[in-house]
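See structure below.
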Amino acid sequence: MPTIRPRRPDREPRTNKKDIAIVVAAGVVAAGLIALAIGYFASVRTLDDCEVTAKDRSVSVSSDSNGNVKSTTDQRVYTSCGVFTVTDNPLLLRFNSADTYGALVEGQTFDLEVIGWRVGLLSWFPNVLSVYKTPAP
């Protein structure tokens with residue numbers, strides 16, 4: 001039976017500076033991701049009286065070397081309040097973008113609940129979450 005030797009009290013476990021740097025870097029990345037997520041969800045806002053001026057829908061289809069086909073739909077809405085996309089949002093458990101896009105009618109006015117920011121460098125647009133028809137005056 002093997003003999004188990006107790007640790008010598010005068011000997012401290014070694015800490016590697018590289019290990020400490022990795023833990024600190026992981027903490028900084030985690031904090032950044034949490035801050036980004038909080039900022040994203042805090043960006044939900046309602047825009048009142050947005051007149052829909054145009055709608056645009058494009059579908060791109062691509063396939064990889066294995067023959068797997070992938071299609072991507074881009075639905076944009078141009079309004080008096082700005083340009084928005086209408087896409088599903090798995091983080092918010094919203095999978096009704098086609099219905100939301102269909103409810104928006106050119107020439108009519110809506111209140112829009114949107115999330116996200118416009119980042120021109122990355123071609124990002126705020127995403128429409130909900131549509132509320134504005135009553136006629």
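What residue, among those in region 63-88 that are in contact (Cβ under 8 Å) with a residue 40 or more places away in the chain and touching a Ser or Thr at 6+ places or on another chain (Cβ under 8 Å), is surrounded by the fewest Cβ atoms within 10 Å (Cβ to Cβ)?
Restricting to residues being in contact (Cβ under 8 Å) with a residue 40 or more places away in the chain and touching a Ser or Thr at 6+ places or on another chain (Cβ under 8 Å), the top hit is Arg76.
In region 73-137, which strands (runs of 3 or more DSSP E) lie fully inside it and hold 2 or more residues that are more than 22 Å from Ala42 (Cβ to Cβ) and not aliphatic (A, V, I, L, M)?
109-115
Out of everything in region 15-43 that is more than 28 Å from Leu91 (Cα to Cα) and part of a helix (DSSP H, G or I), what residue ends up being most open to solvent (accessible area, probe 1.4 Å)?
Lys17
Scan region 89-137 residue by residue and report those that are of a type in the set (D, E, K, R), surrounded by 15 or more Cβ atoms within 10 Å (Cβ to Cβ) and within 13 Å of the chain's Cα centre (by Cα).
Selection gives Arg94 alone.
Which of (1) within 24 Å of Phe41 (Cβ to Cβ); (2) open to solvent by 50 Å² or more (accessible area, probe 1.4 Å); (3) without any contact (Cβ under 8 Å) to a residue 40 or more places away in the chain does Ser60 not meet, given it meets every other one?
(1)
Checking Asp56 against (1) in a strand (DSSP E or B); (2) within 28 Å of Ala37 (Cα to Cα), which single condition isn't satisfied?
Unmet condition: (2).
The values are calculated or read from the model by the stated rules, or taken from the named source; none is laboratory data. Just so it is clear, the structure is predicted and the values come from calculations on it, not from any experiment. Backbone-built Cβ (ideal geometry, glycine too); neighbour counts: all protein chains shown. The area values use the complete protein model at the heavy-atom level, side chains included, leaving out ligands, DNA and RNA. Shrake-Rupley method; radii C 1.70, N 1.55, O 1.52, S 1.80 Å.
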